[in-house]
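The values are calculated or read from the model by the stated rules, or taken from the named source; none is laboratory data. Keep in mind the model is a prediction, meaning the values are calculated, not measured. Every residue, glycine among them, receives a Cβ derived from its backbone with ideal geometry; neighbour counts consider all protein chains shown. For accessibility, only protein heavy atoms count, side chains too; no ligands or nucleic acids. Shrake-Rupley method; radii C 1.70, N 1.55, O 1.52, S 1.80 Å.
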Amino acid sequence: AVMNVLNTTIAYAAALTLLISIDPGLTVVALLPFPLVLIVAQRLSRRIYQRSRAVQEQLAALSEQARENFAGIAQVKTYAQEEREIAAFEAASAEYRLRCLSVASLRGAMISSVGAVAGIGTLIVLAQGGAHVIEGRLTLGEFVAFNSYLGMLAWPTIALGWIINVFQRGAAATERLLEVFRAQPTIALPPRLAAGIAAPLPLRGEIRIVGLDFRYGDREGHHPLRIDTLQIEAGSRLAIVGPVGAGKSTLANLLCRVYPVPAGRIFLDGEDLAEIDPRRLRASIGYVPQDGFLFSRSLRDNLLFGRPEASDEELAAAIRLARLEPDIAMLDDGLETLIGERGVTLSGGQRQRVTLARALLCRPRLLILDDSLSAVDADTEARILTGLATAMEGRTTLFITHRLAAAAGMDRILVIDRGRIVEDGSHQTLLAAGGLYTRLLQHARLSRRLERP
């Protein structure tokens with residue numbers, strides 16, 4: 001389109017110069033219909049922009065539907081929903097086709113209208129110019145030359161409609177891109193911090209929370225986490241337990257600054273968390289969620305993702321701590337095995353242990369395990385925690401879990417319910433108190449009895 005704008009401009013400039021040199025009056029008459037081009041272009045260009053944007057949005061929806069079906073193909077087959085998903089894809093494709101046709105019809109109308117205007121100009125010249133030849137105001141040669149020069153404007157005029165169409169379609173696509181480019185991060189860098197690659201923080205791992213009252217967005221009356229005061233000593237091992245939805249994961253996400261942190265509420269090694277560069281903070285914390293993400297690469301690449309420069313000895317140590325050695329031995333290509341998108345070739349427990357090893361390989365001063373061993377059997381979990389007790393000695397470990405037997409071996413246990421800390425102490429202390437922790441433990445023991453054959 002940019003190339004044709006240049007061609008059209010040069011063609012118009014050359015042709016108009018030659019036309020005016022032959023007969024200025026006839027040139028004005030020949031160009032009278034051309035303002036109609038601007039009117040038609042203005043009317044149709046807005047509609048082309050709107051319809052082109054609708055095409056882009058439908059293509060995005062179609063692509064996302066295909067991506068979801070491929071990613072969740074096992075679930076589609078398990079519930080025998082192939083035909084329904086095919087019908088939904090066909091419906092989305094039909095809608096995409098209709099939107100494309102609507103743009104094509106407008107594009108055709110635009111180009112045809114511009115061509116018709118050019119034809120009207122030619123008719124006017126034949127009528128008016130013929131009269132000028134009869135009257136002797138123009139020679140026959142000048143009249144033929146005038147028509148030839150006017151013909152030079154035919155294609156540039158038609159191209160003008162195509163150019164407007166291309167620019168409108170491009171504007172619609174560009175606007176969608178700009179929505180992404182203009183997006184501001186939810187966790188903004190403090191103004192005093194310069195951009196660039198941030199080195200990890202030299203953490204000790206001491207955490208202090210004072211007067212925290214967190215809620216998601218502007219949801220009035222919903223406070224997923226309220227903590228009046230909490231002190232976690234550096235190098236300690238803290239278990240966080242509680243019912244589903246109590247706010248345990250919210251606390252972990254706040255410490256990693258996944259959510260915006262209110263100023264003056266959470267302090268890490270005495271420094272306000274809201275004033276710490278989130279990139280440096282996250283590079284210093286080993287965060288292992290329950291559903292860790294794995295890339296469609298080799299097992300080695302996934303393990304080394306956070307620290308590619310790690311040595312083979314360090315990699316072997318992380319694998320040993322995560323109890324992955326037997327699993328790797330069963331793989332045909334060992335560490336070079338391609339694990340598929342999101343680790344589809346691995347079991348749930350294996351995926352969790354791979355993400356744990358990946359975090360340990362970064363040598364974090366603060367390790368947060370957010371129910372990250374839920375898919376691992378109890379015996380393997382106990383062996384992993386025993387190994388972590390040695391590997392994380394002198395480093396702070398936060399262990400969020402639903403298995404209270406695993407929490408019993410921690411230095412300290414925090415019980416959260418409905419966003420508030422209701423109990424805090426060691427395993428024996430909380431048992432003696434007979435509160436929520438005791439009830440949760442009794443419930444867990446009863447569930448295990450009922451599950452036995």
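List the GluC sites (Glu not before Pro) in the range 293-333 that DSSP assigns to loop (not H, G, I, E or B) and whose Cβ has at most 12 other Cβ atoms within 10 Å. Which are they?
Passing both the DSSP loop test and the Cβ count: Glu309.
Could you sort the peptides 328-338, 52-62 by per-residue average Cβ neighbour count (10 Å cutoff), highest mean leading?
52-62, 328-338
Tabulate in residue order the Karplus-calculated ³J(HN,Hα) for the range 378-390, using 6.51 cos²θ - 1.76 cosθ + 1.60 with θ = phi - 60°, rounded to whole Hz; enter x for Gly and Pro.
4, 5, 5, 4, 4, 5, 5, 5, 5, x, 5, 4, 7
Ranking request for peptides 377-387, 317-327: highest mean number of other beta-carbon atoms within 10 Å first, then the rest in descending order.
Ranked by mean Cβ neighbours within 10 Å, highest first: 317-327, 377-387.
May I ask you to compute the full-extension gain from Arg46 to Thr174, defined as 0.36 nm times their residue separation minus their alpha-carbon distance, rounded to one decimal in nm?
Computed gain between Arg46 and Thr174 is 44.6 nm.
Over the chain, what percent of the accessible surface lies on carbon and sulfur atoms, probe 1.4 Å?
58 percent
Specify which labelled value, from [x] 23, 49, 24, 4; [y] 18, 34, 23, 16, 8, 1; [z] 23, 55, 22, 0, agrees with P(r) over Cα pairs in 20 Å bins from 0, in percent derived from the coordinates of the model shown.
Read-out from the structure maps to [y].
Work the Kirkwood hydrodynamic radius out for the range 66-121: mean of 1/r over every pair of different alpha-carbon atoms, inverted, in Å.
Hydrodynamic radius (Kirkwood, Cα pairs) of the range 66-121 is 14.3 Å.
Could you pull the accessible area for Asp371 with a 1.4 Å probe, rounded to 10 Å²?
Probe radius 1.4 Å; accessible area of Asp371 about 20 Å².
If R₀ is 22 angstrom, what is the calculated FRET efficiency for the pair Arg215 and Glu275, using the beta carbon separation as r and rounding to 0.05?
0.55
Counting only Cα atoms, I'd like the Rg/Rh figure for the range 304-453, Kirkwood definition for Rh.
1.02
Which value in nm describes the separation of the simple spin-label points at Arg300 and Ala131, placed 7 Å from the Cα toward the beta carbon?
With each label point 7 Å from Cα toward Cβ, the separation is 8.7 nm.
Enumerate the calculated ³J(HN,Hα) couplings along the range 3-18 in order (Karplus 6.51 cos²θ - 1.76 cosθ + 1.60, θ = phi - 60°), each rounded to whole Hz, writing x wherever the residue is Gly or Pro.
Along the range 3-18, the couplings run 4, 6, 4, 5, 4, 5, 4, 5, 5, 5, 4, 5, 5, 5, 4, 5 Hz.
Highest mean first, what order results for 107-115, 82-90 on Cβ atoms within 10 Å?
Going by the mean number of other Cβ atoms within 10 Å, highest first, we get 107-115, 82-90.
Find the Rg to Rh ratio for the range 376-415, where Rh is the Kirkwood radius over alpha-carbon pairs and Rg uses the same atoms.
Radius of gyration relative to Kirkwood radius: 0.93.
Expressed in nm to one decimal, what extension gain is obtained for the pair Asp379 and Ala433 from 0.36 nm per residue of sequence separation less their Cα-Cα distance?
Going from the current span to full extension adds 16.6 nm.
Using 0.36 nm per residue of separation minus the Cα-Cα distance, give me the extension gain between Ala66 and Arg418 in nm, one decimal.
Value of the extension gain: 122.8 nm.
What nm value, rounded to one decimal, do you get for the distance between Asp333 and Leu140 when each label is placed 7 Å out toward the C-beta?
8.2 nm
Write down the accessible area per residue of the chain in Å², having rolled a 1.4 Å probe over the full set of protein chains.
54 Å²
Looking at the range 241-312, what % of the alpha carbon pairs are farther apart than 17 Å?
Value for the range 241-312 (Cα pairs over 17 Å): 57 percent.
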